[in-house]
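The values are calculated or read from the model by the stated rules, or taken from the named source; none is laboratory data. As the structure is a prediction and not an experimental result, all values here were calculated from the model. Positions of Cβ are generated from backbone atoms using ideal geometry, with glycine treated the same way; all protein chains shown enter the neighbour counts.
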Amino acid sequence: MNRTIKLCVLGGSALATPMLFESMGRQNARGSYQVCLHGRDSQRLAMVKKISEKITCQFPDLDLSITATLDMREAIEGAAFILNQIRVGGLKARLFDETFPRKYGIPGEETVGPGGFSNALRGIPVVLDHCKTIEKYAPQAVMLNLMNPSSLIQYAVTRYTSVNVVGTCDTPVSTCRMVSNALGLPKDKSRVSWFGMHHFGWLFDLAVDGQSRLDAVFGQLERMANLGVDPEIVTALRAIPAPYLKYYFHPDRMLAMTEGRKPRAEQLIEVFAQLENAMDHWSEGQPLDFMQQRGAGWYDKIVVPTLLALAEKRESDLILSVGNEDSVAWLPKSAVIEAPVAISEGKIGRPRIPASIPEDIQGMIMRNCAYEMLAVEAIVEHDRSKALRALQSNLLVKDFNQVRGIMGEIWPEEARPAFKLIAAEKPAAEASSGAGKPGFAVPTLHYGEKAIERMPLREKKYAVITMEIPWVNIRQRFPRDPEVVVYVDELDWYALEAIERSLPEIDLVVGVGGGMATDGAKFVGWKRRIPVDVVPTITSVDASVTKSIAARSGGHVTYIGYVVPRDVYVDYPVIRGAPKRLNRSGVGDILCSHVALFDWKLSHDHTGEEYDPSAVDQMKTWLEKIETQAADIEAMNDNGIRLIMNAFEDISIICRKFGSSRPQEASDHTFAYNAEFQTGKKFLHGELVALGAYVLATLQNNDPEYLRDIYSRTGILWQPRDIGLTRAEFANVLGTLNWYQKNFGRRYSILDEVHIDSAFIEMVQAKLDF
């Protein structure tokens, strides 16, 4: 293999580009490569080139040289392979794609739905222009497309140019590995049956040594972190959808999970700013650990394997996007399909199509295919009618009103509605939130001996979401009767939706009880866009003052929606009348920040995650208050009640100012969620996270005895014996905790740094009571 292989990287100034060369080194690229990075920013291009060369030096056997240029012809001329990874408009454009569809009740995403259409509208003309240069100066080159929305880009290239293009996406690899891991199978050793389109694919079977393992999959669905859809869907269809199918099966949930939260693009803007700063200030001799800050698994999983299979004539079996031709009779020949292909002698073989594809899945794929082809043709041909038809064909778009609204947002020269929006001018005193006040809605807390009797109940019709015992105890104290009372005992998605659908027309919803009743009320208020008031009957959880709803899906907790209770009525007699154990448990959700702050700093140091010292100081102030007023909490007198509720309120504000619950929860909550998942039991949340905080503080070597002392003085129960966790269950929870973090963990923590072994489990067990 003596000839030099030229690889052109379009979008070569992308900050993740150096990881391409790391992947080539780790996968033992044996060819002689000349790589030319093309970009539009000379300084950034030079920076990426410098880091890339340093990474290349870590692999002495890697025969690879790197150049960089702003000149398109220079980059492309003579290339055998072209990696297309450009992002037209950058992350700010992606932010638009992820947010504008929400106006129309559609989740935003850069590859599916209206967001994907908007992305294609920007990207396709640019790619086709680049293809003219490829046709002229590298007509034999193979384009590996990584640019999104991938299959729309690929269809545009194949329909309107002569460029040879193949689509690469890591989603099929990730999905197949997820299933293999759940079954305990070796990585990439299964023969898979896969078919669909980009971000619209399905795993129909996987076999080991010729034996199908599909039936075994159905018993492991809840262990698959990125399944995305309800297990019931999988068992009904007998096929595993790619994670992006969750947008089509659960659009309401996907919308709920993004409301009131930073879009992915906004998070990446922050990450890339930190990464670019680290790259820019890097100098010879310093480590390159910061390059792991932004994962780039697509190079390792699919781009480099495809490149090496084609360039070095390696025998491979990969899932790629290729032309249909006559592989599937029920799709147009020009369609772009995603399927396994064998690569031999540098040539891509015929797609391997599953023997049987259910008709309903065929129907979904056909409709998605119609959308993609119409969308591309509309964009290239500037055909408004085809654009309307494309959007109406999209599975996320329900009606033509949405189509017209979307067109008004993104279609060039689309006639805009004839109205003018004029914002009312606010008095100077109201222009800002004022000193010390947050710039967002917060609940008003009302304390007193007769707080319930003083409830104004301003709305005419209201419903109460509660549980039987709390309601029986206080119903006579309400100023007037509600239209309806609902007892809630489950918080999974279907239960919440059933509750909301069962209610008559109301103007207000009141949650009476603990976290379950409050989250149920918040769900109804969020869905109906009506006010939510709360009467907490215990101080065990902070749901009455937070903006999110804790719902369960697939056995795991998911935080959804954006709804802030309007008024919270803290009635002292009601809370004093509850078992002190329940009330004291709330302190666990405050003290767990001792562990969360450690994890946060660890993540900042190791991944560059944003860190806010002022938020840390505010959280530590609350830890000190709990420590000094522990006796009030133990007694659960009025001061103790007020302390816990004020802490909940203020910590919620701290977290919302920062943008997430990072200052309050981390590996301690991961422990709690895994305990619930592994045992199938229900626990008092505050007690469970208190145990988790002690265990994880021990793992962190972060003064766990400090927590034990405060637990003792506040009276919170937290020992496994007290909360109902057996020795065997505890050992299993700890033994699977690293696995749970890897698959379901929400944030980087000590669990990403330290592996829990049997010695640690035995050591911690010796300190606990069972």
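If V510 satisfies all but one of (1) assigned to a helix (DSSP H, G or I); (2) within 23 Å of D571 (Cα to Cα); (3) over 25 Å from the mean Cα position of the chain (by Cα), what's the number of the condition it fails? Status for V510: all satisfied but (1). Across segment 468-511, the number of residues qualifying as more than 28 Å from P251 (Cβ to Cβ), surrounded by 12 or more Cβ atoms within 10 Å (Cβ to Cβ) and touching an Asp or Glu at 6+ places or on another chain (Cβ under 7 Å) comes to 3. The residues of segment 302-343 that are surrounded by fewer than 22 Cβ atoms within 10 Å (Cβ to Cβ), of a type in the set (S, T, N, Q) and touching a residue at least 60 places away in the same chain (Cβ under 8 Å) amount to a single one, S334. Evaluated against (1) over 26 Å from K580 (Cα atoms); (2) outside any helix (DSSP H, G or I), Q678 falls short on exactly one condition, (2). You will find that of A93, A156, the residue that is under 30 Å from E266 (Cβ atoms), crowded, with 24+ Cβ neighbours inside 10 Å, of a type outside the set (F, W, Y) and out of contact with any Gly (no Cβ under 7 Å at 6 or more places or on another chain) is A156 and no other.
When each of N701, N738 is tested for being without any contact (Cβ under 8 Å) to a residue 60 or more places away in the chain and surrounded by fewer than 17 Cβ atoms within 10 Å (Cβ to Cβ), the lone residue that passes is N701. Inspect segment 526-543 for any residue being modelled with pLDDT of 95 or more, surrounded by fewer than 24 Cβ atoms within 10 Å (Cβ to Cβ) and not polar (S, T, N, Q) and give the result as yes or no. Yes, segment 526-543 contains at least one residue that is modelled with pLDDT of 95 or more, surrounded by fewer than 24 Cβ atoms within 10 Å (Cβ to Cβ) and not polar (S, T, N, Q).
Scanning segment 204-224 finds one or more residues that are surrounded by fewer than 16 Cβ atoms within 10 Å (Cβ to Cβ) and touching a Gly at 6+ places or on another chain (Cβ under 7 Å). May I ask you to verify whether L307 is within 30 Å of L62 (Cβ to Cβ) and at pLDDT 95 or above? Considered against the rule, which asks whether it is within 30 Å of L62 (Cβ to Cβ) and at pLDDT 95 or above, L307 comes out as yes. When segment 719-735 is filtered for residues that are farther than 24 Å from V754 by Cα and surrounded by 17 or more Cβ atoms within 10 Å (Cβ to Cβ), only I723 remains. Taking every residue in segment 509-528 that is touching a residue at least 60 places away in the same chain (Cβ under 8 Å) and pairing it with any residue that is in a helix (DSSP H, G or I), at least 6 positions away or on another chain, the pairs with Cβ-Cβ distances below 6 Å are V524/E500.
Here segment 257-301 is the region considered, the condition is being among the acidic types (D, E) and not in a loop (DSSP other than H, G, I, E, B), and the residue that is surrounded by the most Cβ atoms within 10 Å (Cβ to Cβ) is D300.
Give the residues of segment 577-622 that are of a type in the set (G, A, S), in a helix (DSSP H, G or I) and more than 17 Å from L707 (Cβ to Cβ), sorted by residue number. S603, S614, A615, listed by residue number. Residues in segment 40-54 that are farther than 22 Å from G297 by Cβ and out of contact with any Asp or Glu (no Cβ under 7 Å at 6 or more places or on another chain): R40, D41, S42, Q43, R44, L45, A46, K49, K50, E53. Checked against (1) within 27 Å of the chain's Cα centre (by Cα); (2) surrounded by fewer than 19 Cβ atoms within 10 Å (Cβ to Cβ), L391 passes all but condition (2).
Among the numbered criteria (1) more than 19 Å from I716 (Cβ to Cβ); (2) buried (at least 17 other Cβ atoms within 10 Å of the Cβ); (3) of a type in the set (S, T, N, Q), which one does S614 miss? It fails just one condition, (2).
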